[in-house]
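Asks: Sharing a structure here in structure tokens format.
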Amino acid sequence: MIRKKILVTGGAGFVGSHLCERLLNEGNEVYCLDNFFTGQKKNVLHLLDNPYFELIRHDVTSPFFIETDQIYNLACPASPVHYQYNPIKTMKTSVMGAINMLGLAKRVGARILQASTSEVYGDPLVHPQNESYWGHVNPIGDRACYDEGKRSAETLFVNYHKQNKVDIKIIRIFNTYGPNMHPNDGRVVSNFIVQALQNHDITVYGEGNQTRSFQYVDDLVEGMIRLMNSRDGFTGPVNVGNPHEFTILELAQKVIELTGSKSKIIYKPLPSDDPMQRQPDISLAKKELDWSPNVQLEEGLTKTINFFKTVI
Ligand code: NAD
Ligand code: UDP
């Protein structure tokens, strides 16, 4: 077996930690790079004894040198609370991080995958969203540092491919949840579960009639690895998400039901530019990657609830 050398930026975060574990289990050598802004050493502690795993503290806004066959570029805070904490840094992470990682890929001839997002569609006017939709993003709004940062990263990826023949893949990830989310992550699934387990009020923003489509992290990791190893010349972007769409109020009710919580639902103001609806069209992922999600909401939520019971 040939052991591939694989760099995962943002590897100590929620998604990155699952990806590192899976890549190691498949017999690869994994370099996990993180600046620990939202990620935690705890997420990869169990991997540290593996001689084929290396944890590196580094910030992707500075150049990084290593020999590697593949790069998964995940470094970037993903929760609105965290990416809005320092919006300039968020954009630098997306843009300078992409330039530095693409430069590395170009120098060593590595294949590189960019973790893009459904946020490139903004508050979408087309429903469900397919990859040919250009999106509806407010370039000066509170979410712009993340949305436009990710859109710029896509532009950089595509141009390094066209101009410098870098072997790129772009995945547009829709809302994902699962174990290893930080209890203070601030995204909706972790917030609701943490609130429910403590019998605190469940904070629904707006009237809760906005929709999202949530996928379980194992499905995402499967899709990422399939895309990374997809046929030459297929660059994406490709949507990876679970098309099962529901309202945020329905999610709150489901979490209360599954935790048996005494929590009450309370309503808080809707943040600005909060998208009203979101559902992936996954026809392209089905065709090119033979991928579709396997874990449905109740099963995924139960696993996530069990994880949070151990950490709070
Ligand atoms: P996360 O915040 O848990 O993980 C991001 C990781 O990147 C953290 O470990 C953080 O410390 C690290 N990081 C941030 N800035 C960095 C920098 N400048 N240098 C080095 N490391 C840095 O978020 P996540 O949910 O695991 O998201 C992973 C990736 O997937 C992100 O790029 C995110 O935009 C993308 N994504 C996630 C979702 C989702 O629902 N989880 C949806 C769409 C896209
Ligand atoms: N949300 C909510 N309560 C919370 C956190 C989030 O009602 O405690 C809402 C938020 O306004 C949004 C949806 O849940 O409409 C998803 O939010 P999240 O931050 O998880 O992801 P994103 O908005 O980036 O899709």
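The values are calculated or read from the model by the stated rules, or taken from the named source; none is laboratory data. Just so it is clear, the model here is predicted, and its values are computed rather than measured. Quick reminder, even Gly has a Cβ in these numbers, built from the backbone with ideal geometry, and neighbours come from all protein chains shown. In case anyone asks, the SASA skips ligands and DNA or RNA and just uses the protein heavy atoms, side chains included. Shrake-Rupley method; radii C 1.70, N 1.55, O 1.52, S 1.80 Å.
Asks: Give me the residue from the stretch 75-117 that is within 16 Å of ligand 2 (Cβ to nearest atom), of a type outside the set (Ser, Thr, Tyr) and not in a helix (DSSP H, G or I) and, out of that set, farthest from Arg172 (Cα to Cα).
Replies: Gln84
Asks: Taking the condition of being open to solvent by less than 40 Å² (accessible area, probe 1.4 Å) and among the hydroxyl-bearing types (Ser, Thr, Tyr), how many residues in the stretch 1-56 meet it?
Replies: 3
Asks: Which residue pairs have Cβ atoms closer than 6 Å, lie 6 or more positions apart in sequence or on different chains, and pair a first residue in the stretch 197-208 that is of a type in the set (Ser, Thr, Tyr) and open to solvent by 70 Å² or more (accessible area, probe 1.4 Å) with a second residue that is in a loop (DSSP other than H, G, I, E, B) and within 11 Å of ligand 2 (Cβ to nearest atom)?
Replies: Tyr205/Leu270
Asks: Output the residue which, of all residues in the stretch 181-193 that are crowded, with 23+ Cβ neighbours inside 10 Å and under 16 Å from Thr310 (Cβ atoms), is nearest to the chain's Cα centre (by Cα).
Replies: Met181
Asks: What single numbered condition from (1) in contact with a Ser or Thr (Cβ under 9 Å, 6 or more places away or on another chain); (2) touching a residue at least 60 places away in the same chain (Cβ under 8 Å); (3) under 20 Å from Leu270 (Cβ atoms); (4) within 11 Å of ligand 2 (Cβ to nearest atom) fails to hold for Asp147?
Replies: (2)
Asks: I'd like the full set of residues that are of a type in the set (D, E, K, R) and under 21 Å from the mean Cα position of the chain (by Cα), limited to the stretch 27-57.
Replies: Result: Asp34, Lys41, Lys42, Arg57.
Asks: Return the residues of the stretch 262-312 that are in contact (Cβ under 8 Å) with a residue 12 or more places away in the chain and hydroxyl-bearing (Ser, Thr, Tyr); say none if nothing qualifies.
Replies: Within the stretch 262-312, Ser263, Tyr267, Ser272, Ser283, Thr302, Thr304 meet the criteria.
Asks: Name every residue in the stretch 108-129 that is among the small types (Gly, Ala, Ser) and more than 11 Å from ligand 1 (Cβ to nearest atom), in order of residue number.
Replies: Within the stretch 108-129, Gly109, Ala110, Gly122 meet the criteria.
Asks: Out of all the residues in the stretch 250-261, which are open to solvent by 40 Å² or more (accessible area, probe 1.4 Å) and hydrophobic (A, V, I, L, M, F, W, C)?
Replies: Leu258
Asks: Out of all the residues in the stretch 134-175, which are buried (at least 23 other Cβ atoms within 10 Å of the Cβ) and among the hydroxyl-bearing types (Ser, Thr, Tyr)?
Replies: Within the stretch 134-175, Tyr146 is the sole residue that qualifies.
Asks: Another question, then. Quick check on my filter: what residues within the stretch 76-124 are open to solvent by 40 Å² or more (accessible area, probe 1.4 Å) and either among the small types (Gly, Ala, Ser) or at pLDDT below 95 (or both)?
Replies: If the condition is that a residue be open to solvent by 40 Å² or more (accessible area, probe 1.4 Å) and either among the small types (Gly, Ala, Ser) or at pLDDT below 95 (or both), then Gly109 is the only one that fits.
Asks: If you take the residues of the stretch 228-242 that are surrounded by fewer than 23 Cβ atoms within 10 Å (Cβ to Cβ) and either free of Cβ contacts under 8 Å to residues at least 24 places away in the same chain or within 15 Å of ligand 1 (Cβ to nearest atom) (or both), which of them is nearest to Arg278 (Cα to Cα)?
Replies: My answer is Pro237.
Asks: Looking at the stretch 152-183, which of its residues are free of Cβ contacts under 8 Å to residues at least 24 places away in the same chain and either of a type in the set (Ser, Thr, Tyr) or closer than 30 Å to Glu245 by Cα (or both)?
Replies: Within the stretch 152-183, just Thr155 meets the criteria.
Asks: Could you tell me which of the residues Lys262, Lys287 is of a type in the set (D, E, K, R), more than 28 Å from Val204 (Cα to Cα) and either within 20 Å of the chain's Cα centre (by Cα) or away from ligand 2 (no atom under 14 Å from the Cβ) (or both)?
Replies: Exactly one of Lys262, Lys287 is of a type in the set (D, E, K, R), more than 28 Å from Val204 (Cα to Cα) and either within 20 Å of the chain's Cα centre (by Cα) or away from ligand 2 (no atom under 14 Å from the Cβ) (or both), namely Lys287.
Asks: Give all pairs with beta carbons closer than 8 Å in which a residue from the stretch 29-46 that is part of a helix (DSSP H, G or I) meets a residue that is surrounded by fewer than 24 Cβ atoms within 10 Å (Cβ to Cβ) and of a type in the set (S, T, N, Q); count only pairs at least 6 apart in sequence or on separate chains.
Replies: Listed pairs, sorted by first residue: Asn43/Asn180.
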